[in-house]
Amino acid sequence: MLTRLALILCLMATPAAPALAVEGGPAPYDRDLQRLAEILGALHYLRGICGANEGQLWRNEMQALVDTEAPSGERRDRIIASFNRGYRGFQQTYRTCTPTADVAIRRYLDEGAKIARDITARYAN
């Protein structure tokens, strides 16, 4: 699982191409970016209750994503709302780590890595 974590972090460090839209408008990859933000929120909560001892790692990765993209206005609000939705969705369901939470973590790591790879392959300079 650490390899997947390293992959996500590495791919997220690669900045995407500038948005091909008006200031604050949607970029062609915004739907994927919002899904990635939601996954980061879910991982921030789930990894915490499952004893990963990563502290603010996933929140910091979200902040790095926002800093790299530098969205403004509604676009920024949508990305941040996606992170919060991912976090709160699992917070309402899980109070402790369960086998199902572990499965969700693995699936989100895989999905997040795929999204990060796809965005990078399509839009990175």
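What follows is calculated from the coordinates using simple rules that are stated; it is not laboratory data. Bear in mind the structure is a predicted one, so any value in this text is a computation, not a measurement. Ideal geometry is used to build each Cβ from the backbone, glycine not excepted, and the neighbour counts take in all protein chains shown.
At-a-glance table
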| quantity | calculated |
| --- | --- |
| Shape category assigned to region 29-123 from the gyration tensor of Cα positions, a/c cut at 1.5 | prolate |
| FRET E, pair Ala121, Ala81, Förster distance 22 Å, beta-carbon r, rounded to 0.05 | 0.25 |
| Gain on full stretching of the segment that runs from Thr96 to Arg31 - 0.36 nm per residue minus C-alpha separation | 20.4 nm |
| Region 29-123: relative contact order as a whole-number percent, Cα under 8 Å and 6+ apart | 45 percent |
| Ascending count of other beta-carbon atoms within 10 Å, so fewest first, for Glu74, Glu69, Glu54, Glu61 | Glu74, Glu54, Glu69, Glu61 |
